[in-house]
1. Taking the Cα centre of the stretch 188-391 as origin and charging only Cβ (+1 Lys, Arg; -1 Asp, Glu), how large is the dipole, in debye to the nearest 20?
2. For the chain, build the charge dipole from Cβ charges (+1 Lys, Arg; -1 Asp, Glu) around the Cα centre, then report which of Ala364, Trp156, Ala380 sits farthest towards its positive end.
3. Show me, for the stretch 16-23, the HN-Hα J-couplings you get by feeding each phi into the Karplus relation (A = 6.51, B = -1.76, C = 1.60, θ = phi - 60°), rounded to Hz, glycine and proline as x.
4. How large, in percent, is the carbon and sulfur part of the accessible surface of the stretch 1-134 at a probe radius of 1.4 Å?
5. Full extension from Ile106 to Gln248: what is 0.36 nm times the residue separation minus their Cα-Cα distance, to one decimal in nm?
6. From the backbone phi of the stretch 282-295, what are the Karplus-calculated ³J(HN,Hα) couplings (6.51 cos²θ - 1.76 cosθ + 1.60, θ = phi - 60°) in whole Hz, Gly and Pro given as x?
7. Restricting to lysines 8 or more places apart or on different chains, can you count the pairs in the stretch 188-391 with Cα atoms under 19 Å from each other?
8. Rounded to the nearest Å, what's the spacing between the alpha carbon centres of the stretch 273-342 and the stretch 162-188? Just the number, please.
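The values are calculated or read from the model by the stated rules, or taken from the named source; none is laboratory data. Just so you know, these numbers come straight off a predicted model, no measurement behind them. So basically every Cβ, Gly included, is an ideal-geometry build from the backbone, and we count neighbours across all protein chains shown. The accessibility values were calculated without ligands, DNA or RNA, using every heavy atom of the protein model including side chains. Shrake-Rupley method; radii C 1.70, N 1.55, O 1.52, S 1.80 Å.
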Amino acid sequence: MSEYWKEQALLQKAAFVEDVKAFLSINSIEDMTTATAGKPFGEGVAAALESLLARGAQDGFWTKNLDGYAGTIELGDGEEEVGVLVHIDVVTVGEGWTTPPFEPTIRDGRLYARGALDDKGPALAAYYALRLVRDSGLALTKRVRLIIGTDEESGWLCMKHFMEHDRVPPIGFSPDSSFPMTHAEKGQINPTLTIAPTQGSADGEGRLRLLSFVSGDQGNSVPDKAEAVVCLGAAAGEQLALAQLASQWEQFLQEKATSGRMEQLAPDRLKFTVAGKPAHGMAPEEGVNAGTLLACFLRERSFEGSASSFLSLLSDIIHEDYYGQRLQLACEDDVSGKLTVNAGILRYSETDGGSVRLNIRYPATISCEEYVEKLKKRVAELGWTIDSLRTSKSHYVPKDHPVIQTLSKVYEEHTGQPATLLSSGGATYAKIMPYGVAFGPLFPGKESTAHLIDEYVEIDDLLRAMAIYAHAIYELAR
Ligand SMILES: [Zn+2]
């Protein structure tokens, strides 16, 4: 049956290209300065939502606008429901586009525009798929709902509102990731560890003071810069000590193959700055954490009290502990891999003490509660306190679930490729539905330009995705 859907999708090409260009020319970056009642994320987001809903209504579908937070376009009237979850908000554009991000342009079969791939292009393809199913005249036993979110790139408030005011379909897919499909997503534990300020016992010679330490500003990113101000205390003024420190610093930078600076701010005051390598917090091993790296250097000098505890936690426990071995949290499962740990925000001051914000991503099939308990125990053992702790659930659809079986069959029929199941360290929109999977639109081997300058999607790929979505909607709802 895949041939039928492919043909039908291809017949839409000319109309779809016109439609998608118009849709992508709406700047739907969240803009709170233009937010009003009914337009909670601003004018642009509201315009994009209304445009898609208007297209649905014009084509004769039952549509609904949930106070500007979300919208639905429905097909069929069965009791049971299938969801197709998309979003029409886009991220900011940045500079350096070849053609303006909201003037969609086709070059070499690629459609360039912000949102072409994430997620307005696929959203419209999914709508066309829904319409193809209706126009096929094939009978459905379930109701299909295209659910349109408006705040996926920020706080998911759209889905919070949707869940409070509407029904969430138990099964479905979200065209907001990659083919074949993502069926498992790690959960998150985000604790802030703190230690109160204390002075050391002795004020003996050579003791240094850590006046401040600053690294990172987002829990889910690997810090690419760190800065510490150190007071030399009794060692100040000793040219020898200073020269020694400077040469040890140079040697350290060389060994770690990174760049940094040591500046003398005052006779007894030095500032150290070091560069790391940024990476997403879900893959900390791909980056170099500038904060824990700087702590490794300072740790070898003589600090006392809370400064010493702070530096030793960072250097002895957290530095390069990507999989939580030293935190005694290491674990993994077959579907989503290893637990990962990122230290994203690191702060110390003599008046406030130290704080470390961790972003821990745990495998989809393990118990969050169990690992929170392990973490609490270990943190207490290390002499630290957990000041705040946020968790988010993992998501997992077993591979023998009918949704996976159906989507796999459709995907294989259309592509001739095996529907290998994927997992993700981050959260995809599909997790809103109890048995939701992220399904396309990016085909294996294709470059993902989501959130990048010159974001694009291949038009033929969107049409292939449209055919797959139509076929999938029919199979899930028939
Ligand atoms: Zn997206």
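1. 220
2. Going by the Cα projections, it comes out as Ala380.
3. Going residue by residue, I get 5, 4, 4, 5, 6, 5, 5, 5 Hz, with x marking Gly and Pro.
4. After summing per-atom areas, the C and S share lands at 51 percent.
5. Gain in length upon complete extension: 45.6 nm.
6. Here the 3J(HN,Hα) series is 7, 9, x, 5, 7, x, 10, 7, 4, x, 5, 5, 4, 4 Hz.
7. Qualifying lysine pairs in the stretch 188-391: 6.
8. 32
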